[in-house]
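Notes to accompany the following structure.
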Amino acid sequence: MTTKARQDRLLALLLRDAEWSTAASLADALGVTPRSVRSYVTAVNARVAGGGAIESGPLGYRAGTDA
């Protein structure tokens, strides 16, 4: 799976669950490290105008309004 495919899969997981998810749980689902998840979040947000595709907070990550 390519990096872009993993980024798209990350966004799909967040859209499907519609709630906060930790980097660790997302990493397990994608078969990558939590650090990779953080990199993917940055990359996805950079691809979207306004950068609000994925929100981050104390509870982890969730799909943003621009997703």
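Annotation: extensible slack from MET1 through ASP66 equals 20.9 nm (criterion: 0.36 nm per residue apart, minus Cα-Cα distance). Computed from point charges on the beta carbon alone (+1 for Lys and Arg, -1 for Asp and Glu), the dipole magnitude for the chain about its Cα centre is near 240 Debye. In the chain, the DSSP-assigned H stretches of four residues or longer account for a calculated mean residue ellipticity at 222 nm of -17500 deg cm²/dmol, using -39500 (n - 2.57) per stretch and the full residue count as denominator.
In this simple spin-label approximation, ASP8 and TRP20 carry label points 7 Å from Cα along the Cα→Cβ vector, and these lie 3.0 nm apart. Listed values for the stretch 9-18 are Karplus-derived 3J(HN,Hα) couplings in whole Hz (6.51 cos²θ - 1.76 cosθ + 1.60, θ = phi - 60°), namely 5, 4, 5, 4, 4, 5, 5, 5, 7, 6, and x replaces Gly and Pro. Which shape class applies to the stretch 3-63: rounded if a/c is under 1.5, otherwise prolate when a/b exceeds b/c and oblate if not, where a ≥ b ≥ c are the square roots of the Cα gyration tensor eigenvalues? Cα axes put the stretch 3-63 in the rounded bin. Sequentially through the stretch 30-42, phi angles give Karplus couplings (6.51, -1.76, 1.60; θ = phi - 60°) of 9, x, 10, 8, x, 4, 4, 4, 4, 5, 5, 4, 4 Hz, Gly and Pro residues having no value and appearing as x. Taking the fewest neighbouring Cβ atoms within 10 Å as the starting point, the ordered list for VAL44, VAL32, VAL37 is VAL32, VAL44, VAL37. For the chain, the relative contact order works out to 35 percent when only alpha carbon pairs closer than 8 Å and six or more residues apart are counted. Mean-square fluctuations from a GNM of the chain, with a 10 angstrom spring cutoff on Cα atoms, peak among SER21, SER56, SER39 at SER39.
Rule-based calculations on the coordinates, nothing more; no lab input. In this text the structure is predicted, and so the values were computed from the model without any measurement. In this analysis, Cβ positions are derived from the backbone assuming ideal geometry, glycine residues included, and neighbour counts consider all displayed protein chains.
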